[in-house]
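Worksheet for the structure shown next.
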Amino acid sequence: MLLEEYMDVFALSAQRAEEARHVLEVLDVKGAWQSVGAEVRLVGSVRTGLILNKRDIDMHVYTDRPDMAESLAAMTPILSRDGVEKMECRNLLHTEEACLEWHVWYRDAAGELWQLDIIHIRKGSQYDGFVEDFADRLQAALTEETRAAILHLKAQTPEHEQTAGIFYYLAVLRDGIRTYEDFCRWRRNLPSESIVTWRP
């Protein structure tokens, strides 16, 4: 793969990451959650520099004893911002995950729709830092060539396809996939347990 052929995807990814950070500033996500004493961490493709076509922003927020009242207090100013069109909440406090999932759809000044996934997690739980560690390991494993390959596969994926980022990372870093045709064949034959157990 000639890296100069893929400079456009690098540029688009950098632009998307800048737009994502602007969205976070406009909504003041960090300030809203810090107002209830939460530790706020960026995760997902914005953190790893692998955001491209999907305008998704993933955040993990941590407090000592998450509850609905605390979460609502943090989310209320975010949900009150102009441009917020929809919100969903999943209460998983009484499950193994012991968290609250917030999903917010926000339309920016340019008319583009963003999805923010904000997961409220208990500090010190088994999930504390798990996704962040994965992101750090992924960034350490990436080269310019594999970063270009991942972004290229994302660019080739039709908009209606809902493909989690981990599929691209596993395909490129572990199994050497480089073309979208090979990626589609690879996905059809991928054992589901590979996604659960794989770490960069």
request  = Specify the angular offset, from 0 to 90 degrees and rounded to the nearest 10, of the alpha carbon long axis of helix 130-141 from the longest principal axis of the alpha carbons in the chain.
outcome  = 30 degrees
message = Among (1) 11.6; (2) 12.4; (3) 14.6, only one was calculated for this model; which label is it, if the read-out is mean projected area of the Cα convex hull in nm²?
response = (1)
note = To the nearest 0.05, the calculated FRET efficiency linking ASP64 and ARG178 through their beta-carbon distance, R0 being 35 Å, is 0.15
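What chymotrypsin sites (Phe, Trp or Tyr not before Pro) does the range 31-138 have in DSSP loop regions with at most 16 other beta carbons within 10 Å? Before the final figure, lay out each step's value.
Numbers: sites: TRP33, TYR62, TRP102, TRP105, TYR106, TRP114, TYR127, PHE130, PHE134; in loops: TYR127.
When the chymotrypsin sites (Phe, Trp or Tyr not before Pro) of the range 31-138 are filtered for loop state and at most 16 Cβ neighbours within 10 Å, TYR127 remain.
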task = Measure out, as a whole number of angstrom, how far apart the alpha-carbon centroids of the range 143-163 and the range 1-68 sit.
result = 17 Å
inquiry  = Under a Cβ-only charge scheme (Lys and Arg +1, Asp and Glu -1), can you give me the dipole magnitude of the chain about the Cα centre, in debye to the nearest 20?
reply    = 260 debye
ask   = Just from its helices, what would the mean residue ellipticity at 222 nm be for the chain, if runs of 4 or more DSSP H residues each count -39500 (n - 2.57) and the sum is divided by every residue, rounded to the nearest 500 deg cm²/dmol?
value = -13500 deg cm²/dmol
ask   = For the Cα atoms of the chain, what angle does the longest principal axis make with the long axis of helix 68-79, in degrees from 0 to 90, nearest 10?
value = 70 degrees
query = Roughly how many nanometres apart are two label points built 7 Å out from the Cα toward the Cβ at THR76 and LYS30?
reply = 2.4 nm
request  = Among ILE195, LEU153, PRO77, pick out the residue whose Cα is farthest towards the positive end of the charge dipole of the chain, where Lys and Arg carry +1 and Asp and Glu carry -1 on C-beta, about the Cα centre.
outcome  = ILE195
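Could you give the dipole magnitude of the range 21-74 about its Cα centre, charging the beta-carbon of Lys and Arg +1 and that of Asp and Glu -1, in debye to the nearest 20?
280 debye
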request  = At 7 Å along the Cα-to-beta-carbon direction for both SER125 and ASP108, put a label point, then send me their distance in nm to one decimal.
outcome  = 3.0 nm
inquiry  = Out of the GluC sites (Glu not before Pro) in the range 92-200, which ones are loop residues according to DSSP with at most 12 other C-beta atoms within 10 Å?
reply    = GLU96, GLU112, GLU159, GLU161
task = With both partners inside the chain, how many of the DSSP beta bridges are antiparallel, as a percent to the nearest 5?
result = 75 percent
At R0 = 22 Å, FRET efficiency that the Cβ-Cβ distance of ALA155 and ARG187 yields, to 0.05 = 0.85
note = Computed for the range 84-197: size of charge dipole around the Cα centre, +1 on C-beta of each Lys and Arg, -1 on C-beta of each Asp and Glu, debye to nearest 20, value 180 debye
inquiry  = Quick check: at a probe of 1.4 Å, how many percent of the accessible area of the chain sits on carbon and sulfur atoms?
reply    = 49 percent
task = Kindly state, to the nearest 0.05, the FRET efficiency for ASP133 paired with THR95, given R0 = 30 Å and r defined as their beta-carbon distance.
result = 0.85
task = Excluding residues on the same chain fewer than 8 positions from LYS154, give the aspartates and glutamates whose Cα lies under 16 Å from its Cα.
result = GLU5, ASP8, ASP56, GLU144, GLU145, GLU181, ASP182
inquiry  = Assuming 0.36 nm per residue, please report the length gained on full extension of the stretch VAL196 to GLN115 beyond their Cα-Cα distance.
reply    = 26.8 nm
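The values are calculated or read from the model by the stated rules, or taken from the named source; none is laboratory data. It should be emphasised that the depicted structure is a prediction, and the values quoted were computed from it without experimental measurement. For neighbour counting, all protein chains shown are included, and Cβ atoms are generated from backbone atoms with ideal geometry for every residue, glycine included. Surface accessibility is based on the protein's heavy atoms, side chains included, excluding ligands, DNA and RNA. Shrake-Rupley method; radii C 1.70, N 1.55, O 1.52, S 1.80 Å.
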